Amino acid sequence: MTVHVVDASALGALVFGEPEADAVVERLGSKPLAAPVLIRFELANICLKKIKAHPSLEKKLLDAHELGTRIALQFTDVDHNEVIQLARKSGLSAYDASYLWLALRLRAELITLDIKMKAAAARLGIVAPGIERKGSDATCITGPAGRPSRPSSKEGRWERKKRLPS
C-alpha cells in the first residue's frame with residue numbers, strides 16, 4: 001500500500017486535537033493521504049458543529065480548520081454509481097461508502113474512527129486498523145489536561161508537538 005485513505009472522523013481528530021489524534025498520527029506514518037473530495041465539506045461541517053457546541057471557541061476552531069485545509073491530501077473523485085451500490089451492500093451512507101470505494105480502488109489502508117465503517121471495511125477485505133474513539137463527545141479543542149497539540153507535518157511524518165494558540 002502506497003497511500004492511506006483517511007476519513008473525516010480521523011482527519012477531524014487530528015485537526016481539532018481530539019483525544020484519538022495520537023493514535024491516528026501513529027497509523028498515518030509517512031505515507032501520503034488520499035480522500036474523496038467530499039472530505040473538505042465534512043471537515044467544515046465538523047467545525048460548524050463544534051462551533052455550535054462551543055461558541056466561545058469559535059476563533060480557535062476556525063483557526064484549527066484553516067490549518068486542516070493545508071494538510072496535503074490527494075483528492076479523488078469517486079464513481080457515484082459504484083458508491084451507491086457499495087453503500088447498499090455495506091449498509092453505510094453514500095458518504096461513508098465513498099471512503100470504502102476509494103480504499104478499494106487504491107488498494108489502500110483506511111484510517112477511520114467510525115466503528116460501522118471499520119466493520120464494513122473488514123467485510124470487504126479493506127485494512128482498517130483499530131483506533132478507538134475516546135469519550136462520547138470528542139469535541140474538545142481544549143481538554144481536561146489543557147489544550148491538546150495540533151498536528152504538523154515534518155518530512156511527511158506526522159508529529160504532535162505544538163499547542164493551539166491561547
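The values are calculated or read from the model by the stated rules, or taken from the named source; none is laboratory data. Just so we're clear, the structure is a prediction, and the values are computed from it rather than from any experiment. So basically every Cβ, Gly included, is an ideal-geometry build from the backbone, and we count neighbours across all protein chains shown.
Looking at R163, R123, R150, which one is surrounded by 15 or more Cβ atoms within 10 Å (Cβ to Cβ), modelled with pLDDT under 90 and not β-branched (V, I, T)? Write out each step before concluding.
Working: R163 fails: surrounded by 15 or more Cβ atoms within 10 Å (Cβ to Cβ); R123 fails: surrounded by 15 or more Cβ atoms within 10 Å (Cβ to Cβ).
Answer to the check: R150.
Can you spot a residue in the range 46-68 that is surrounded by fewer than 14 Cβ atoms within 10 Å (Cβ to Cβ), closer than 22 Å to A128 by Cβ and out of contact with any Phe, Trp or Tyr (no Cβ under 7 Å at 6 or more places or on another chain)? No, every residue in the range 46-68 fails to be surrounded by fewer than 14 Cβ atoms within 10 Å (Cβ to Cβ), closer than 22 Å to A128 by Cβ and out of contact with any Phe, Trp or Tyr (no Cβ under 7 Å at 6 or more places or on another chain).
Somewhere in the range 19-40, is a residue of a type in the set (A, V, I, L, M, F, W, C) and surrounded by fewer than 16 Cβ atoms within 10 Å (Cβ to Cβ)?
The first filter runs over the range 19-40 and keeps only residues of a type in the set (A, V, I, L, M, F, W, C), leaving 21, 23-25, 28, 33-35, 37-39.
Next cut, surrounded by fewer than 16 Cβ atoms within 10 Å (Cβ to Cβ) only: 37.
Yes; the residues of the range 19-40 include at least one that is of a type in the set (A, V, I, L, M, F, W, C) and surrounded by fewer than 16 Cβ atoms within 10 Å (Cβ to Cβ).
Among the residues of the range 74-123, the one identified as touching a residue at least 24 places away in the same chain (Cβ under 8 Å), part of a loop (DSSP other than H, G, I, E, B) and over 21 Å from L11 (Cβ atoms) is G91.
When the range 24-55 is filtered for residues that are among the β-branched types (V, I, T) and either in contact with a strand residue (DSSP E or B) (Cβ under 9 Å, 6 or more places away or on another chain) or within 16 Å of S9 (Cβ to Cβ) (or both), the ones remaining, listed by number, are V24, V25, V37, I39, I46.
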